[in-house]
Each structure stands twice: as structure tokens, then as C-alpha cells.
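S.K.: Just dropping this structure here.
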Amino acid sequence: MRSMGSFKELLMKAIIPLFVIAAILYFLIRSIRSNSNSNADSSDKYKQPAYTIPEFNVNISYGNSSNFVESKPDEYKWIQPGESVVVAGYTIPDGMVYVGKHLKSGSSYYHTEDPALIKTYLIVSSNSPDRQGNNMDYWPSYSNIPPSSRAAYLEWLAGGKVDPEINIGYVFLFFYGIERRLLHDRKHYHVSNEEIRRLLDEINVLLNIYGSKSGSFKHYANSLMEYVYLSITDSKFYDLEPPPIKYTYEVGPLVKLALGQLALEGKPLVANWMYEYVIHHPEMYLKTPARRCTEEFRKLFIIHYNNKFGDGIVVKPNKTNVTVSYRCASSGMGEFELATNSLNIPDVSILKTLLNKVKPIVNECQDELDKYSRWLGKKENQENSLIGYSFLPDILFSTIENKDVEEFKKWLSGLVNGGESAIVSNMELIKRWSVKNSEKMTKKEFLSFISFLQKLGFGIEPDIRFDGGTLKAKGQSVLFKLNEYEEVLDSPSSHYSAKLVLLQFAVAVAKADNVIAEGEQMMLIDSIENTSKLNPAEKRRMKNSLTWLLKSDASTQGLKKKVESFDQKQKDQLADYMVAIAGADGFISPEEVKMLSKLFKLLSYDEKQVYSSIHRYQTDMKDSSDELVSVRPADSVKSGFSIPKPSMAYEEEGFALDRNKIASKIKDTERVSQLLQGVFAEEIPDEPEEIDIVGNENTIHGLDENHSAILFAFQNQSLWPRSEFEKLASQHELMPDGALEVINEKAYELFDDALCEIEDPIEINQEILKEFLK
Amino acid sequence: MTKTQKIRSKDRDAIIQSLRAGVVPRKGLHHIQVGRSNEVSALLKDISRVTDEGSFIRFIIGEYGSGKTFFLNLIRSVAMEQKCVTVHADLSPDRRLHATGGQARLLYAELMRNLSTRTKPDGGALPGVVERFISEVLKKSKEKNLSPDTVIREKLEHLTEMVGGYDFAKVIEAYWKGYDTGDEALKSDAIRWLRGEFSTKTDAKRALDVRMIIDDANFYNMLKLMARFVRLAGFSGLVVCLDELVNLYKLSNTQARKSNYEEILHMLNDSLQGTAYGLGILLGGTPEFLYDTRRGLYSYEALQSRLAENTFAVNGLVDFTGPIIRLENLSPEDLYVLLTKLRLVFASGDSNAYLIPDEGLRAYMEHCHKQIGEAYFRTPRNTIVSFINLLSVLEQNPSANWQNLLGSVLVDKDSNPDFEGLENNDIDSDGTSLSPAEMPTSSNPDDDLKSFKL
């Protein structure tokens, strides 16, 4: 018992794992099958047979006919396309089916009978055709399906294979036959090119009807066509047309072969094949723009790819080769490999480096198309409107040919009328651009308008991107031509912004007296031209911005905010610049002074600073004008904004003396000394008529007798109290003060000094007196 | 610069003394004038125009510390040298061009007190001018055997056609009478009248038998009259220096301000139209006095348009014939050159007798810069005072060396009185305490000397 029991136990122990293993195998197979079926259209009730189960596909034929025993030719017949055949009362009009008693399958493992063969002797239940395919098998085979299903199949064939509602299993059944004909038969017998073409056409027709219903069918049909296509071609793969786009997430064989062949021959990977590569590569995630705007994306990719890589990337052939095979849908057939597999064409599509090289381009293209794609995505937008075009990248824009665009461009050219720029009414612009509110363009609308203008080679000021406002119906703008050789600007540089603020301040000053003098305008333009920090395109734009600023009635509002970020040095520069503009016409009017005061306040200067600045400007002008004094070295000559040196320079720089300035000051001082010397120097008494009078004993140096008498009197006394002197004066009939005035004047004239101080007592300078009496 | 030119010891001492006291010298300014040759040359032409019976008006605009007062003094001494009579005064709340409360008369009085000639350059020359006139009269009366009264009337006849001219002539006659009869009171009354010191007509009538007095209403007319008179007295013209015009700007009453500007307009028109004879007017003010569009000259439309610059004088062309002369702010380089000038003055013009080398000048400036920052050259008064003191010490102690002394020099910062309250400007309302030739005052002038230690 024990031994029996133990045997039983042993048996049980052996059986249970066997069951377990069997069960596991069963579920494994099932799950693989169901996995491979998950590609199929889920609405398809009938489960498609699994086509690719590599683990179990052990005895498949590899096209090697050595162990293949062919059926006898009289046992079946391939009905040629165009021929018709009658089976069980159904007339099949266009052939393309195998009919007969027996047809050995291409693969002997699963079936001995090929599933596609319509066995003429089998029962067909014509009165109850199973169109739904309820009784269809996993791997349908005409031989094995029930009579009702055969009836449905034959009925479908007889009906021209067009019923869209038919179970996909019947379509596959038919497809099996074509597969066999195109792969198996062509290998062993002659199949005419004409027939191949007809068969491929047929697959295309089926694809059109059933492709959308079954992903699985679509995949097989496409793959078969491609395989056949590749197997019959005798030209280079890269010379072929790329296949129509399929959104599979793998790089197709043709693409691989084309790229590989290019690499093998040392040729650059050309753009159109690289495009196929990127859109199919599983690791290349394509965003909406690339999928929505396929054609634009393709064009853009090719342009960018060529811009970056010229004719294309050149890659060294790698060791992994492309192998192209076709695993048949039919269970009666195995896998077929392309003859070219032996050519060792490298599979460059698997190279990570290649992918990484083109990834940025793809992203760039998608980004550039993003706006356009979003715009297209909105239902209300129509593809061909001008606004839509404004979102296109510039490079693509130039490739479109559109009547409306041409007309718009003509209109713009008309506005500018042969010149470089023109002042246009905003109303006119708004009318031409479809906007929601006829009073003004919204920010978005304006942006698209600006972008459209830019594509047509025009710019506009004010431009919202360049610190300008939006476009309002009343008002004017400056429309100007862009120069195609200059940089395309999309946003202001920091220099541009800063300079624009300067300009806005300066224009406010220039306009203060309601007259923009030529000098002021010239200086503004010069200051733009002479700015080394702006490129030609920026200068062009800024000059037009200036035209607009001068024309418009833009207020000083908002300027305060713009200078908040200015440091003191910038503010000083700005302040000096404004004063220079105000004085550019040679005169700073009260209105300009008023405006300057206002703007200085915005710069948070003390009120008095404006007067000091004006004064300094005026004296600087004077200074620099003096040719004798202007010995400043050339490098200190004002550049850029032509702003006078800030007076605060010394504070920043500490103690410093400018030797050139000293030299010029000394020169100037010499001049002034000479001037003054002419005034103060001692005069040389050379008047002859006065010398004549000297001959008279009673008179001295042309003084009259009375005054001379006083001089003689001075000889005796060097200190005269006032009262005494008055007496002396009256003795000689002279007024005391008047007499002294006359005598001193004479003394100055002759000896450049007074004879006496008019004080009490009066002190006589004896030296002068001696001179007098010589 | 003629370095060999000898500087007279009198000039030298005058310059050193004034500068040491922190005031602008009245003599020998030409020895220490730095640069500004264009401005000086323009003014020289102006003055020669005055001596040719012409006229001029100039606004001397400069910031505090730019040397306006110095410049005005220089021009004044040039004018005196050219035999002009000069009068000068600072405007203040009590002294204006136009007023109804006697302030214009006070300004006139101040001007007359400061009336100077070459022989009496510090003011008080009015009696001398009058007597010189009368001396001429007496001479002529002797020659032609006419009574002095007749000659006086004859000479002053065309003055009588002008406003106040008749009474003016009468007052001159009164002076002569006072002299002739030994009536000192009469002489003194006549001078008082001429100085605008009579405040009521009744007093004037009683004292001099004249119907009018010099008052607010005829301020400018009397100046014009005086200009004619000094020519008759043998001088070549009258130059009027009015400084601190910022005081008009400071008037808070709009009407009062406007009336004063109207007076300036009047002067300007006369000058441009040539209706003033032998009269030159210099007006000193700060930039805000000129430019402020609410309270400055620019606020007065008619004046502003006449002050407009020559529109063709742009891009480096300068027109010095316009009425505005702008004085550039002082720079360190200006100061440096001034120091070389002062050194030369100390050496009496002998470059071999320098007390301090160039290197010392630099070092001195750097020292000042360290002490008071950029004020050392912007408002250089104290810098100059200390420098003069330094040179004095070096002169008296030939063994001392400048390097050792330099470290002990202390320099004070100067402050700008223009921006202090109005009260400061009242100090000389009695007309005696301050001479207008003085530079803007600092609170304690003695500080300047105290700051220098050995």
C-alpha cells in the first residue's frame, strides 16, 4: 500500500508539473497570439490568425526548395487576373484565386493544404452565408472553414470584393492567395510583370476599402507591396520614390536600404530620405505641428537639413546590415528574404549619432511651425488667409505662391511708392488686415501683421516688439522697406532699447518749441548713424522710429519708467544729450527749457541742474569752437552720442590734471595777458604838442598854470591836511577834489600811478612828484 | 604770458592782501586773469564802444564760483583804465532796478557811493567828478571871460532836454555856488542829491530849489544822465556793473519781478537801438536767473526773444556779439594756471624767484582735493587763501621746504550763498558794511587765516 501509495504520489508528483507546464505553455501561446492580434482593429470581431510567432515557427521555408515537394500542376489552377471562374455556382469575375483539388502549402508545418486554395469539391451552404464570419477560424483556411463561411467568401469574391462590411478574415483568405502568387510562385515559375502590376493594384484597391478597418491587414498589405516593390527593382534604392507616408513607428525597409546604400557608396544622406527616416523613427517624437502641417514640415525639414549639412550627412557604413524579410500573413507560407540581403547594405538607421544629429532640426522645425499649426488648429481659421501665412516661418513663406499675397505686396510697394519709407494712415492698414475691432489692432493682430509685413520685406514703426505701442485707427505709422542683406530683427537689443529711450527724450525736447529745426533733426539722425553699438538693420529701424516719433504726438508719459533702470552715468549722459539736442539749432528756447526741466525731473535731478547743464553746454560749445584753444587730443573727441563729457568726471576719477587742457589754458591766458597789457601797460609820453608846452616855465606836462602851481607847492610839503590843501586850491582858483582828480589823472597817464591818495591828510608820493618836476 | 614783465610792488601787495583776505583784488587783476581771452576781448571792444559815445549791455552768466565777480572787477578796472567812470552794486532785496518802495533809489545811491575813477578806484569819486567838471568850466570861463554860471548852463544845456536834466544842471550849479560862496552845506546837499539820498521832494526843494529828486521812477534815466555828465567832465563814459541779479529771480511777487525785467528790457532796447550814449551795463547772474522759464529772464517773453542766440552760430561757431557772455565753470586746470600766476605775482614777475616748483603746485592741489573734494577748484576761494598763506610762509622762511608744510595746510569748504535764504543778502542794506567787490561771503572770514598753521 505504502509502495502503491508512494507510486501514486510519485505519479501525481510527475503529472502535476506536467499539467502546470502544459497550462503555462497554453497560456503563453495564447497570450502571444492575442498580443499579436492586438494590432488588429478591435471592432473586428473575428480574431485574425497570429502571423508572427517566431518561437514556434521552426519548420518554415526560407525559400529553399530542396525539401519542398510541389503539388502536381493538374491538381489546382491559378486563375489569372481578368479571367473568371465558376465555383459552386458563384462566378468569380477577376480571378486571382487558386482553384482545384489540392495545393500543397508553402510551409508544411501547419497545413498540408494551402489555406488559399478554393477546393471545388467542398460543400458550400449558399443559402446561409456567414457574412459576419462568426465561424471563422484563427487561421482561416478555405478547406477548414464551415460551408456557410465558404458561401460568404465565394459570394464576396463574386461580388467584386467590395463589400465593406464583410469579415476581414475573408479578405485575408483572398490575400493569402495573392501572397502565394507574388512570393512563392514568382520564385518557382515565371510571373509576368504585367500580372505583378495587376496584383499590386488589387492590393491597393483592397487597402482603400479595408485598410482603415484592420490595422493588421494594412500592415501586411503595405509590407507585401513594399517587399515586392523592393524585390523587383533593378535600380538603386535611393533613386526610388519614397513610399507614401505611413504612420508606423519604425523605419521602413526601403528607407533603410536607401540610406544604407548611400552610406555604402560614400554618398551623403540626402534630405528626402532623411525626412522619411525622421518621421518614421520610433524614438523621434513628432509633435502636433509636424503631424498637422505635414507638407510644411517636410519642406522646412529639407531646407533646414540642407542648410545645416549641405548635401547631407556622410556616415561611415556600420557593421549591422539591413535584412529585409516578409513574413506572410498566410499560415500556409513562411518568411521571405530579399535577395539584396546578401549585398551587406549597412543599416545606418540604427545609429544613435545620426538620430542625434537631426533631432535638433526636427525640434527647430516643429517650433517654427508651432504658431502656424496652432492657428490652423482653430476651427474658425482658414488655411489660405493672409493671417495664417503670417505665422509661417519666413523660409517657407518665400516658397508659397498666392494671389492674395502678391496683391498685398503690390499694395505695400504702392504705399512706399519707390522710396525707402512712407508715412501711412493707420486706418488704411487696419482696413487691409482682417481685425475684429476697426478702431485698433489688438496686440495679437498687430504682431501677426508685423510678421506678415516682415515676410514681404517691410517694417513698420511703431512696432510693438520694439517698445512701440499698438496700432490705433487714428494716427499714422511709418512703413519702411527692410534691406534683405541686413539682419532680420525680432526684438530690440539692450543697446537699441537704451538708445530708443534717449531718442524719445531727445525728441520730446526737440518738439518742445513746436518746431523741429533742421539742425535738431540732423543731430538726431547723426546720433543714430554714429552709434557704433547698433547694426545697420537697427539703425534703419531706429531712423524710421525717429521719423515716427517726430511725427506723432507721443507724450512723455511712461518715460519715467523706462529710465528707472538707468544708472547715474547713463542719466548724466541722457541729460547732456537732451541739452545738446535742444541747443542743436543754436538756440535753447524757453519751451525747450521748460521741457528739459520736466524731463530732468523725470530723471530725478534737482531743479537747478537743468540750468547748470544748459550753461555748461553753452560754455562747452564756445570752448570747443575756439580754434586756438582746441588742442584736445583726437581720442577725447566725442563719439557715439556726441555727448559732452559729464562734469562729474573728476569726482569719479579722483585727482587728475589734463595736461593738454593746461597747455591750452596757458595759451589762452597769454592771449588775455597781452590784451590786458595793452590796457594797463605804462604809456609812453610821446605827444609832441605837450612837450612844447613844457617849455613854459610855469606849466608842467601840459597841465595849466593853476594845476602846475599846486605841483610846485607840493614840493615844499609832503603831507597836506585837507583844510590846508583846500586853501591852496582856492588860492589857485581850483576846486580841491577836481584839482586832485586832474593831477592824478595826469600822473596815471604819464607814470601809471597816482601822485597822491585823496584822503585827509593828503600824502604826496615824492617819487612821482620828482618825475613830474624833472 | 610775458614772464619777464615786472609786476609793480604796489600791484603785487594789493593782489596778495586782497586774496589773503578772501576778496577779489581791485588792482592788478590782469596779472592773475586766467584764460577767457575771448570774453575779455569782447568786453574790451564794448568799452571802446562806450568811449566812442556808444553803449553796450552784457549779461555775464556763470555759476557760483565761476568767477563772475572777479570778471566784473576786471572789466571795471579795464574801464577805469580807459578813463571811464564806473559804478557798481550788488542787487539785493533792498536794491532793485524797479520798485515803488524806494529800493531802486537805494540801488542808485549805492551805485553813486561806489562811483570810481582810475584815480579813486575804491568808490567815493563823485565829488571829484563834479569838481573836475566845474574846473573845466572855470578854465573855460576864464578863457572866454564869461561867468561860470553861464558856462555851466551852456555846457549842460543839452542835458536839460532829458528827463531830470534841468534839475540835474541846477544841482551842479548849486555845487559851484556852494564852492564859490564857501557854503559847504550847499555843496554837500548837491552831492547828496546827485547820490539819490534825498527821499522827499520837499527837502530837495528847500535845500536846492529843485522840483524833483532821484527816485524809483527815474532810476535808469538818471543813469543815462550821469553817463552824459561824466563825458562832459572829461571822462570817456560810464560803466555800470550790477551783480547778483539772482535777487530779481528770487522776488516772489510776479509783478515786481516782471517790472524789474521790464527795466532790463528797457536798457537792452536802448543799447540795441543806440539811444544810450557812453553807457555800458554789465549784469551778473547765474544760469537759473537766465533760463528759468517761470522766474528767470526766460519767463519774460519780450526779453527772451531779444536774448535769443544768433541762430547761425551753431556747430562750433560762436558769436560774442550777442548780449550774453557765459563763463565756463572752473576746472582744476584753471586753478593750476591761476596758481602759477599767483606764484609769479609773489615772485614779482621773476620766474627765477619761484617759491615753489610746478611739482609743488600739483601736490598742493592734490592735497586740497583730498581735503575738500572737487570744491577745491569749483569754489576756489579757500584754496587760494591757503595757497597765498603757504607762499608767505615760504617767503619769510627761506629754509622751510614746501613738502613739510603741505601736510599742515588746512582748507575749508566754501558754501554758496545764492542758495541760502534771502536774509543773507540783507547785511549791507545800510550800504556801508560790505563792498560789492567782495566775493560771496562765508560765515567767518577769519577762518581762512586760522586754518593755516605751522
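Each value in this text was obtained by applying a stated rule to the coordinates, not by laboratory testing. Computed from a predicted structure; not experimentally measured. Here the Cβ positions follow ideal geometry from the backbone for every residue, glycine too, while neighbour counts run over all protein chains shown.
S.K.: Choose one of B:106, B:150, B:169: the residue whose Cα lies farthest towards the positive end of the charge dipole of the range B:92-206 (beta-carbon charges +1 Lys, Arg; -1 Asp, Glu; about the Cα centre).
M.R.: B:106
S.K.: Kindly list the residues of the range B:126-149 that lie in the label zone of residue B:180, defined by a backbone N under 18 Å from the point 7 Å along the Cα-to-C-beta vector.
M.R.: B:130-149
S.K.: Along the charge dipole of the range A:214-305, pointing to its positive end and built from +1/-1 on Cβ of Lys, Arg, Asp and Glu, which listed residue (A:232, A:272, A:293) has its Cα farthest out?
M.R.: A:293
S.K.: Here's another thing I want to ask about it. Counting residues in the range B:182-229 as N, plug N into 2.2 N^0.38 Å and put the Cα Rg over that result.
M.R.: Its radius of gyration relative to the 2.2 N^0.38 Å reference: 1.14.
S.K.: In the range B:158-188, whose amide N lies under 17 Å from the spot 7 Å out along Cα-to-Cβ of residue A:760? List them in ranges.
M.R.: B:179, B:182-188
S.K.: Here's something else I'd like to know. Taking the Cα centre as origin and putting +1 on Lys and Arg beta-carbons and -1 on Asp and Glu beta-carbons, what dipole magnitude results for the range B:121-279, to the nearest 20 debye?
M.R.: 200 debye
S.K.: Follow-up question, since we're still on this one. Per the Kirkwood definition applied to all pairs of different Cα atoms, how many angstroms is the hydrodynamic radius of the range A:453-585?
M.R.: 15.3 Å
S.K.: Compute, for the range B:149-202, the length of the dipole vector about the Cα centre, with Cβ point charges of +1 (Lys, Arg) and -1 (Asp, Glu) only. Units Debye, rounded to 20.
M.R.: Result for the range B:149-202 is approximately 180 debye, rounded to the nearest 20.
S.K.: Okay, moving on. Express in nm, to one decimal, how much length is gained between residue B:150 and residue B:275 on full extension, taking 0.36 nm for each residue of separation and deducting their alpha carbon distance.
M.R.: Value of the extension gain: 42.2 nm.
S.K.: Also, I was wondering about something else. Out of all DSSP beta bridges with both ends in chain B, state the antiparallel percent to the nearest 5.
M.R.: Values: 4 of 26 bridges.
Of those bridges, close to 15 percent are antiparallel.
S.K.: Continuing with the same structure: What FRET efficiency, computed as 1/(1 + (r/R0)^6) with R0 = 22 Å and r the Cβ-Cβ distance, is obtained for residue A:487 and residue A:569, rounded to the nearest 0.05?
M.R.: According to the calculation, E is roughly 0.15.
S.K.: Also, I was wondering about something else. What distance in nm lies between label points placed 7 Å from Cα along the C-beta direction at residue A:339 and residue A:535?
M.R.: 5.7 nm
S.K.: Need the C-alpha centroid separation for the range B:242-313 versus the range A:209-242, integer Å.
M.R.: Between the Cα centres of the range B:242-313 and the range A:209-242 lies a distance of 98 Å.
S.K.: Treating only the Cα positions of the range A:268-335 as identical point scatterers, give the base-10 log of I(q)/I(0) from the Debye formula at each q in 0.18, 0.22 Å⁻¹.
M.R.: Calculated log10 I(q)/I(0) at the listed q: -0.82, -0.98.
S.K.: Once each part is reduced to its C-alpha centroid, what is the distance from the range A:136-173 to the range A:271-336 in angstrom?
M.R.: 36 Å
S.K.: To continue, here is another question. Write down the Kirkwood hydrodynamic radius of the range B:15-142, to one decimal in angstroms, obtained as one divided by the mean of 1/r over all alpha carbon pairs.
M.R.: Hydrodynamic radius (Kirkwood, Cα pairs) of the range B:15-142 is 16.5 Å.
S.K.: Given Cβ point charges of +1 (Lys, Arg) and -1 (Asp, Glu) and nothing else, what value in debye, to the nearest 20, does the dipole of the range B:1-78 about its Cα centre take?
M.R.: Charge dipole of the range B:1-78: 380 debye, to the nearest 20.
S.K.: For the range B:149-230, what relative contact order do you get, as a whole percent, if you take Cα pairs closer than 8 Å and at least 6 residues apart?
M.R.: So the answer I get is 27 percent.
S.K.: Cut-off is 10 Å between beta-carbons; in what order do A:733, A:368 appear when sorted fewest neighbours first?
M.R.: Ascending Cβ contact count within 10 Å gives the list A:733, A:368.
S.K.: Work out how far the C-alpha atoms of the range A:115-162 reach from end to end along every principal axis, then list the three figures in whole Å, largest first.
M.R.: Computed over the range A:115-162, the largest-to-smallest principal extents equal 22, 22, 20 Å.
S.K.: Hey, what did chain B get for relative contact order, percent, Cα under 8 Å, at least 6 apart?
M.R.: Relative contact order here is 24 percent.
S.K.: How much net charge surrounds residue A:672 when only other residues with a Cβ under 9 Å from its Cβ are counted (Lys, Arg +1; Asp, Glu -1)? Working shown, then result.
M.R.: Details: positive: A:671, B:36; negative: A:668, A:670, B:39.
Net of charged neighbours comes to -1.
S.K.: Calculate the FRET efficiency for residue A:752 and residue B:160 from the Cβ-Cβ distance with a Förster distance of 35 Å, rounded to the nearest 0.05.
M.R.: Details: r = 38 Å, r/R0 = 1.09.
It comes out at approximately 0.35.
S.K.: How far is it, in nm, from the label point at residue A:127 to the one at residue A:75 when both lie 7 Å from their Cα along the line to the Cβ?
M.R.: Inter-label distance under the simple model: 3.4 nm.
S.K.: Fewest to most neighbouring Cβ within 10 Å: what's the order for B:291, B:64? The partial results should precede the final answer.
M.R.: Numbers: B:291 28, B:64 19.
Fewest-to-most Cβ neighbours within 10 Å comes out as B:64, B:291.
S.K.: Can I ask one more? Mind checking B:282-288 for the average number of partner chain beta-carbons within 10 Å of each residue's beta-carbon? Please list the in-between numbers first.
M.R.: Numbers: counts 0, 0, 0, 0, 4, 10, 8.
Whole-number average of other-chain Cβ neighbours for B:282-288 is 3.
S.K.: How big is the gap, in Å, between the Cα center of the range B:164-202 and the Cα center of the range A:705-769?
M.R.: 25 Å
S.K.: Now, a different point. Setting aside same-chain residues fewer than 8 positions from residue A:104, which lysines have a Cα under 28 Å from its Cα?
M.R.: A:47, A:72, A:77, A:119, A:161, A:187, A:218
S.K.: Moving to a separate point now. Distance in nm between label sites at residue A:120 and residue A:723, each 7 Å beyond Cα in the beta-carbon direction?
M.R.: 17.8 nm
S.K.: Can you give me the pair-distance distribution of the range A:180-282, C-alpha pairs, 10 Å bins, whole percents?
M.R.: Per 10 Å bin, starting at zero, the Cα-Cα P(r) for the range A:180-282 comes out as 13, 40, 34, 12, 0 percent.
S.K.: Suppose R0 equals 25 Å; then what is the FRET efficiency for residue B:306 and residue B:41 from their Cβ-Cβ distance, rounded to the nearest 0.05?
M.R.: The calculated FRET efficiency here is 0.60.
S.K.: For helix B:184-194, what angle does its Cα long axis make with the longest principal axis of chain B, in degrees from 0 to 90 and rounded to 10?
M.R.: Helix B:184-194 and the main axis of chain B meet at about 70 degrees.
S.K.: Follow-up question, since we're still on this one. If every alpha-carbon in the range B:227-300 counts as one equal scatterer, what log10 I(q)/I(0) does Debye give at q = 0.11, 0.15, 0.21 1/Å?
M.R.: -0.33, -0.57, -0.91
S.K.: Please compute the Kirkwood hydrodynamic radius over chain B, one decimal place, Å, based on all pairs of different Cα atoms.
M.R.: Averaging 1/r across every pair of different Cα atoms and inverting gives 23.5 Å.
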